[in-house]
1. Answer yes if at least one residue in the range 77-84 is among the basic types (K, R) and more than 30 Å from L228 (Cβ to Cβ), and no otherwise.
2. Can you list residue pairs whose Cβ atoms sit under 9 Å apart, with the first residue in the range 56-76 being surrounded by 14 or more Cβ atoms within 10 Å (Cβ to Cβ) and the second being among the hydroxyl-bearing types (S, T, Y) and part of a helix (DSSP H, G or I)? Count only pairs 6 or more apart in sequence or on different chains.
3. Answer yes or no: is there a residue in the range 196-212 that is under 17 Å from L247 (Cβ atoms) and of a type in the set (A, V, I, L, M, F, W, C).
4. Exposed (fewer than 11 other Cβ atoms within 10 Å of the Cβ), under 30 Å from I240 (Cβ atoms), within 36 Å of the chain's Cα centre (by Cα) and modelled with pLDDT of 75 or more: does that describe L21?
5. Checking V53 against (1) closer than 20 Å to L214 by Cβ; (2) at pLDDT 80 or above; (3) under 36 Å from the mean Cα position of the chain (by Cα): exactly one of these is not met. Which one?
6. Could you count how many residues in the range 106-137 are touching a Ser or Thr at 6+ places or on another chain (Cβ under 9 Å), of a type outside the set (A, V, I, L, M, F, W, C) and within 21 Å of T91 (Cβ to Cβ)?
7. Does the range 153-178 hold any residues that are polar (S, T, N, Q) and free of Cβ contacts under 8 Å to residues at least 24 places away in the same chain, and which are they?
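The values are calculated or read from the model by the stated rules, or taken from the named source; none is laboratory data. None of these values were measured; they are calculated from a predicted model. Quick reminder, even Gly has a Cβ in these numbers, built from the backbone with ideal geometry, and neighbours come from all protein chains shown.
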Amino acid sequence: MTTQQPLDNIPILLFLLIFVLVNVAAYEIGYRAGLWAQARGQKGEEGPTGIVVGSVLALMAFLLAITVGMASDRFDNRRGLVLAEANAIGTTYLRAGYLSEPASSESRELLTEYVPLRIATGEGLEDAIQRSEEIQRELWTIAEDVARTEGSDVVALYIESLNEVIDLHESRIVAGVYARVPPTILWLLIGGIILSLGMVGYNAGLDKKRSPILAIVLILSLGAVVWLVVDLDRPSDGLIQTSQQPLIDLQETIEALP
């Protein structure tokens with residue numbers, strides 16, 4: 001399945017390592033540029049460099065807060081859709097009992113196969129989605145046949161539940177593939193942080209004062225926040241995963257039924 005987020009192709013820990021190394025390099029380059037400027041007579045206290053550095057860092061903090069909020073909202077949405085889908089599938093399974101045989105048994109067998117597919121993540125996700133859509137078509141064909149021959153209010157209730165299951169399938173795909181933090185914002189955030197660290201190093205070079213420990217702490221702190229944004233924005237990869245427990249519980253419940 002294609003993704004709109006180019007950073008998805010990079011493992012999260014490798015991304016964090018690259019981020020830290022690039023920002024250490026930016027700080028060091030900025031520091032040496034500051035030393036070069038200071039050797040030619042420029043003084044840190046004589047210009048607005050300190051004010052500019054403070055303003056840039058404040059701007060980055062503001063942008064980080066906005067981006068974390070965006071990623072968190074999308075993560076919460078994906079988690080809510082898992083619960084909604086588990087409830088919809090469970091209701092559809094129960095209402096399948098309204099159908100006459102063999103439609104009732106066939107529908108429940110298909111739903112029993114359907115639930116584990118909705119839990120699948122990682123490499124098997126694309127195949128699981130394809131099979132899910134096949135099962136949806138089979139379920140809808142059965143429902144259409146029953147509706148034509150035995151149309152009733154209880155059959156309409158079953159079809160309504162089945163329609164919700166199909167809609168939630170599409171909603172989860174949209175939430176996982178398309179409703180992501182825009183790449184432009186992520187690149188702007190990463191580029192802004194690199195520029196900020198370069199400015200911090202430049203200001204330290206002008207003053208001929210720098211603290212490697214404080215620089216590393218700053219880089220790691222910013223890196224942790226960026227990691228949080230990137231990880232929250234990944235639907236099926238990374239260290240922070242959307243819990244599939246509602247679907248797992250549903251699977252166990254269905255398997256326990258006679």
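1. Start the filter on the range 77-84 by keeping residues that are among the basic types (K, R), which leaves 78-79.
Checking which are more than 30 Å from L228 (Cβ to Cβ) leaves us with none.
Scanning the range 77-84 turns up no residue that is among the basic types (K, R) and more than 30 Å from L228 (Cβ to Cβ).
2. Here the result reads V56/S196; L57/S196; M60/S196, each pair linking the range 56-76 to a residue that is among the hydroxyl-bearing types (S, T, Y) and part of a helix (DSSP H, G or I).
3. Quick first cut of the range 196-212, residues under 17 Å from L247 (Cβ atoms) only: none.
No, there is no match, as no residue in the range 196-212 is under 17 Å from L247 (Cβ atoms) and of a type in the set (A, V, I, L, M, F, W, C).
4. Numbers: exposed (fewer than 11 other Cβ atoms within 10 Å of the Cβ): no; under 30 Å from I240 (Cβ atoms): yes; within 36 Å of the chain's Cα centre (by Cα): yes; modelled with pLDDT of 75 or more: yes.
Spelling it out, it is not the case that L21 is exposed (fewer than 11 other Cβ atoms within 10 Å of the Cβ), under 30 Å from I240 (Cβ atoms), within 36 Å of the chain's Cα centre (by Cα) and modelled with pLDDT of 75 or more.
5. The number of the failed condition is (2).
6. Residues that pass the stated criteria total 3.
7. The initial filter retains those residues of the range 153-178 that are polar (S, T, N, Q), namely 161, 163, 171.
The one that is polar (S, T, N, Q) and free of Cβ contacts under 8 Å to residues at least 24 places away in the same chain: N163.
Residues are listed down the side, and each one gets a yes or a no for (1) over 21 Å from the mean Cα position of the chain (by Cα); (2) in contact (Cβ under 8 Å) with a residue 12 or more places away in the chain:
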site: N87; (1), (2): yes, yes
site: L110; (1), (2): yes, yes
site: L125; (1), (2): no, yes
site: R137; (1), (2): yes, no
site: T149; (1), (2): yes, no
